[in-house]
Amino acid sequence: DAEGTAVRTPEDHDVVLFPPQTIVQPGGTQAVQVRYVGDPAITQGRVYAIVISQLPVDFAMASGSDGSQTQVKIGFDFVSHMFVQPPTARPNLQIGAATRNAQGDIVFEVANSGDGVALLRTAEWMLTPPSGAPVVLDSEKVDFGKFGAILPGGSRRMVISSQAVSDTSANVAVAIALK
């Protein structure tokens, strides 16, 4: 969404995992095949979240010296993303005017009018003041929310902390280089 929170919709037809469920013994490994089986004629990039969940594992009951008992159950979810898009798909980012909020942070909007997914985590950002040298920032300095991509047709409000840009003037132009 516009704040960078991933919005997930269950998808049961475009992606197939094999095996869909397995038991991995301690110290063991398991390969899982993930295959896109959806529309081969897609025209825009898509992102699929592959969620791997461990069912709760019961560990032995522990008894304390006072006769109390404790039982521990552990489970986890691991999320990976799969990007599917035509070979010619490319993001096309437009960056809106940058303004400063009350804390001095730089706030701006980024929209993707292209047909490809824009990956933000590896991007390089450049701030150019009206006079002076441009400042280059790594993506860690840009708050783009919890989801590091902008889908085709999507937009995102982004913030660069005043601490990351304390040496720039009040007015800057923002540019991005996707890698």
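The values are calculated or read from the model by the stated rules, or taken from the named source; none is laboratory data. Since the model is a prediction, treat every value here as computed from it, not as a measurement. Backbone-built Cβ (ideal geometry, glycine too); neighbour counts: all protein chains shown. Heads up: the accessible areas ignore ligands, DNA and RNA and are worked out on the full protein's heavy atoms, side chains in. Shrake-Rupley method; radii C 1.70, N 1.55, O 1.52, S 1.80 Å.
Work out the length of the dipole vector of the chain about its Cα centre, built from +1 on the beta-carbon of each Lys and Arg and -1 on the beta-carbon of each Asp and Glu, and round it to the nearest 20 debye.
280 debye
Quick one: with all protein chains in place, what share of the accessible area of the chain is carbon or sulfur, to the nearest percent (1.4 Å probe)?
In the chain, the share of accessible area belonging to carbon and sulfur is 54 percent.
Compute the FRET efficiency between Ser80 and Gln163 as 1/(1 + (r/R0)^6), taking r as their Cβ-Cβ distance and R0 = 35 Å, and round to the nearest 0.05.
Calculated value: 0.65.
By its C-alpha gyration tensor, with a ≥ b ≥ c as the square roots of the eigenvalues, how is region 44-136 shaped: rounded for a/c under 1.5, else prolate for a/b larger than b/c, else oblate?
Oblate shape, in that a/c is at least 1.5 and b/c is the bigger or equal ratio.
Within a Cβ distance under 12 Å of Tyr36, other residues only, what is the Lys/Arg minus Asp/Glu net charge?
-1
Sorted by mean Cβ packing within 10 Å, highest first, what order do the peptides 109-116, 22-29, 133-140, 37-44 take?
Sorting 109-116, 22-29, 133-140, 37-44 by mean packing, highest first, produces 109-116, 133-140, 37-44, 22-29.
Compute the Cα gyration tensor for region 97-179, then decide on rounded, prolate or oblate, letting a ≥ b ≥ c be the square roots of its eigenvalues: rounded whenever a/c is under 1.5, prolate when a/b is larger than b/c in the other cases, and oblate in all that remain.
Taking the square roots of the gyration eigenvalues as a ≥ b ≥ c, region 97-179 is prolate.
Select one label from (i) 16.3; (ii) 10.0; (iii) 12.4: the one whose number is mean projected area of the Cα convex hull in nm² as derived from the coordinates shown.
(i)
Roughly how many whole Å is it from the C-alpha centroid of region 110-178 to that of region 1-30?
Going from one Cα centre to the other spans 30 Å.
Let a ≥ b ≥ c be the square roots of the eigenvalues of the Cα gyration tensor of region 1-42; is it rounded (a/c under 1.5), or, if not, prolate (a/b larger than b/c) or oblate?
Oblate, since a/c reaches 1.5 and b/c is not below a/b.
With contacts defined as alpha carbon pairs under 8 Å and 6 or more residues apart, what's the relative contact order of region 22-160 in percent?
21 percent
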